[in-house]
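This report refers to the structure that appears directly beneath it.
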Amino acid sequence: MSLVTAAIAAQAEAGPIVWSQLGLRPGIDFGVFTLRYYSLAYLAGIALGYWHLTKMIKAPGAPMAQRHAEDLFFYCTLGIILGGRIGYATFYEPSLWTSIDILKLWTGGMSFHGGVAGVLLAIAFVCRKGGLRFLRVADYIAVNVPFGMMFGRLANFVNGELWGRTTDVPWAMVFPGAGPLGRHPSQLYEAALEGALLIVVLLYMFWRTRARYRPGLLVGVFTFGIALARFTVEFYREPDVQLADFAYRTGLSMGQWLTIPLILLGLFVMVRALMRPPLASGASYRATETAPA
């Protein structure tokens with residue numbers, strides 16, 4: 001028996017991992033207030049995405065200039081926050097619309113689908129304002145979104161929220177407020193699939209292939225990949241309490257129903273991008289676009 005097999009067998013015999021014994025805290029306590037990791041995760045994802053975007057637009061083929069990246073940084077941040085919260089209140093917890101709690105972003109409760117909608121609106125606004133091509137700009141933004149997805153899901157795990165269904169796998173965890181049974185740490189599954197895996201795939205495609213010269217290919221891969229990852233992980237994730245009956249009656253969770261159109265859209269955009277001839281290698285914002293001064 002290998003050391004790994006022995007370790008797994010020993011853990012299974014010992015019972016599920018107790019989350020509260022991992023020494024995790026929801027944030028950094030400064031006495032007067034607590035800086036929550038949930039907030040830091042969003043800030044880290046946005047900051048890393050912006051830094052990488054500035055590196056991307058210095059490479060050949062960029063569809064925008066630095067000033068457009070700065071506009072996108074601002075408006076996409078608004079889109080993530082407003083879209084994510086509005087989407088959560090609309091699809092997952094409608095009672096928030098009649099409560100001041102809708103403004104308490106630090107308590108959690110953000111919708112991936114709402115965040116995507118907010119980012120798309122932000123991109124459309126900046127493109128219209130700057131005379132840019134929407135699909136090409138969306139390609140560049142899509143490469144950077146998984147950074148935030150990974151950090152956000154890790155923050156969910158640190159907060160001990162959005163746990164998975166009950167299970168007896170060796171890495172099952174007992175989360176506070178979820179009863180005494182072991183559950184899937186589905187937050188980590190999402191961090192791996194929606195974040196780490198897509199980061200590797202999209203960074204490789206951008207820096208090691210000519211994907212940037214096929215408008216829509218990168219955003220199509222992102223849309224299909226993250227939607228398929230979300231659809232898959234939902235089988236291991238506990239449905240929101242207020243939507244458990246909906247999932248039981250329909251056979252799929254709300255997240256899965258909202259994700260199916262994204263899977264189809266991602267496939268369509270990818271196929272369309274591959275069927276069209278690629279742009280010339282020298283195509284870039286400076287060479288092909290005209291924007292107001």
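The values are calculated or read from the model by the stated rules, or taken from the named source; none is laboratory data. Values in this document were obtained by computation on a predicted structure and should not be read as measured data. Positions of Cβ are backbone-derived with ideal geometry, glycine not excepted, and every protein chain shown enters the neighbour counts. Quick note on the areas: whole protein, heavy atoms, side chains included, nothing else; ligands and nucleic acids left out. Shrake-Rupley method; radii C 1.70, N 1.55, O 1.52, S 1.80 Å.
The rows are residues; the columns are (1) assigned to a helix (DSSP H, G or I); (2) in contact with a helix residue (DSSP H, G or I) (Cβ under 9 Å, 6 or more places away or on another chain); (3) crowded, with 23+ Cβ neighbours inside 10 Å.
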| position | (1), (2), (3) |
| --- | --- |
| 144 | yes, yes, yes |
| 154 | yes, yes, no |
| 162 | no, yes, no |
| 168 | no, yes, no |
| 176 | no, yes, no |
| 181 | no, no, no |
| 188 | yes, yes, no |
| 194 | yes, yes, yes |
| 197 | yes, yes, no |
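Within the stretch 29-63, if we keep just the residues that are β-branched (Val, Ile, Thr) and without any contact (Cβ under 8 Å) to a residue 12 or more places away in the chain, the residue that is nearest to residue 211 (Cα to Cα) turns out to be 34. Within the stretch 108-123, the presence of at least one residue that is surrounded by fewer than 18 Cβ atoms within 10 Å (Cβ to Cβ), over 30 Å from residue 276 (Cα atoms) and out of contact with any Leu (no Cβ under 7 Å at 6 or more places or on another chain) is confirmed. Of the residues 91, 74, the single one that is open to solvent by 70 Å² or more (accessible area, probe 1.4 Å) and over 30 Å from residue 212 (Cα atoms) is 91. Out of curiosity, is residue 137 free of Cβ contacts under 8 Å to residues at least 60 places away in the same chain, more than 15 Å from residue 192 (Cα to Cα), crowded, with 20+ Cβ neighbours inside 10 Å and not polar (S, T, N, Q)? So residue 137 fails the test. The stretch 33-133 holds helices (runs of 4 or more DSSP H) entirely within its bounds, and those carrying 3 or more residues that are of a type in the set (Ser, Thr, Tyr) map to 37-56, 66-91.
When the residues of the stretch 1-56 are filtered to those that are among the charged types (D, E, K, R) and at pLDDT 70 or above, the one that is most open to solvent (accessible area, probe 1.4 Å) is 25.
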